[in-house]
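Here the structure comes first, spelled out in structure tokens, and everything after it is commentary.
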Amino acid sequence: MTRSAEARGVRSGSSRLRAVLAVSLFVMFGFGLIVPTLPLFAKRFGVREAGVGLLLTVFSGTRLAGDVFAGKLIDRWGDRLIGGLGAAIVGASSVAAGAAPNFPALVVLRGIGGVGSAFFLGALLAHLIGIAGPGERGRVMGMFQGVVGIGFILGPIFGGVLAAVWGLSAPLYAYGAICLASAPLTARVLGGPRHAAAGLAEAPTLPEEVPSPAPPAPARLRPLLRDSAYRAALATSAATFFATAAMQTLVPGMWRDALGRSEAQAGIPFTANAVAGLAVLWHAGAVTDRRGRKSALVPALALAAASGAALGYASSAWALVALMAVAGVANGYSRPAPTAMVADVASPESRGVAVGGYRTAGDIGAFIGPIAAGLLAQGFGRRAAFIAVGAVFALTFAMAAAARETAPFRAGAQPAERIRPAI
């Protein structure tokens, strides 16, 4: 893709973008299949909650490790190869996990799947921020987050049905088959035009001064880290995943123990959260594009801080559901802007590294969230843990409010490829 074509980018209704989003929805639906059944599958091997926690932590940890070098691989080998490879790794490891003979084997195989997940999602996000035009980035990212949310909502429903009819290993087999089928599709939709081999003989002669190789990944990442907008995007990613993981740890127990509701209804608060977030994603993307990245992000973070802290004070099931819905609205409005900011500040040469750093921050939050929430709740009570969630968002709000605006159509915004240290 030429620089001018890349500057124009695809529009939010283009067939190329629809193809990428369709593959995303396909894979995220597959992941949703195993969300409610994987803990039960693990318990078949005689483990208790601590073993289930280990299984989930290993996946998050290996995905975090994969994020560290996925960006460098994407910059070197391209979105197409790394995305297809990631989908294939997840697919093969999931099929093997369904046939795991013991719990240690299951842990190892899910860990391998975490690396594949880092490759697939990193390549997907790098491709999206590369093809989205500056004036469409908020809406494109909103659409991407929307299909992810739809997959997570629909997947668990069908996963439960599969497990009930064909057994607890069936969702893992189905997820693996979906990812293996998606590997060539991923390579196809992430690929760009390629020159035929026969055409190499007619290629023009190289100039005498050949451009030097791209700088190492740390050298490309350092200018980004000096940018206040990129730091705000990293903080938002970390805070969002921290809060999501913390709520998954705290809300079910609060629903059952403090509010006296049944475990069968424990999904109601999370459904309210997800539906509310999906309902505002398109508008959030439009606001991000038309009024600037901070215009959507900063108020959303303020609302997230208030609603996160207030969850600890919910005195009834309806109050908890309502506050989870408010938190979902805040989450929906805060989602498109950070990825759009990453796209604004990253040059084509540093795109993979920029996405790798962004995803690493999110996975660090997801890794720390359950641990911090559990320790705070056990030592000081659930209310203190929810207040900590609000405090994390409050700190992120301060960083985002102080960050520079990167939207190219806003007065004072810096050009996307001219990264300057924040003042």
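What follows is calculated from the coordinates using simple rules that are stated; it is not laboratory data. Since we're looking at a predicted model, the values are computed, not measured. For neighbour counting, all protein chains shown are included, and Cβ atoms are generated from backbone atoms with ideal geometry for every residue, glycine included.
Within the range 38-46, is even one residue buried (at least 19 other Cβ atoms within 10 Å of the Cβ) and in contact with a Ser or Thr (Cβ under 9 Å, 6 or more places away or on another chain)?
Yes.
Kindly indicate which of Thr249, Thr236 is in contact with a helix residue (DSSP H, G or I) (Cβ under 9 Å, 6 or more places away or on another chain), part of a helix (DSSP H, G or I), of a type in the set (Ser, Thr, Tyr) and more than 18 Å from Tyr313 (Cα to Cα).
The conditions single out Thr236.
Where the second residue is among the hydroxyl-bearing types (Ser, Thr, Tyr) and the first is part of a helix (DSSP H, G or I) and lies in the range 371-394, which pairs have Cβ atoms under 7 Å and are six or more apart or on separate chains?
Ala373/Thr249; Gly374/Thr249; Arg383/Tyr313
So Asp257 ticks every box in (1) in a loop (DSSP other than H, G, I, E, B); (2) surrounded by fewer than 18 Cβ atoms within 10 Å (Cβ to Cβ) but one. Which box is left unticked?
Here Asp257 clears every test but (1).
Which one of these is touching a residue at least 40 places away in the same chain (Cβ under 8 Å) and closer than 15 Å to Ala232 by Cα: Ser334, Ser350, Ser316, Ser295?
Ser334
Scan the range 325-349 for residues that are in a helix (DSSP H, G or I) and surrounded by fewer than 24 Cβ atoms within 10 Å (Cβ to Cβ) and jot them down.
Across the range 325-349, the qualifying residues are Ala325, Val326, Val329, Pro348, Glu349.
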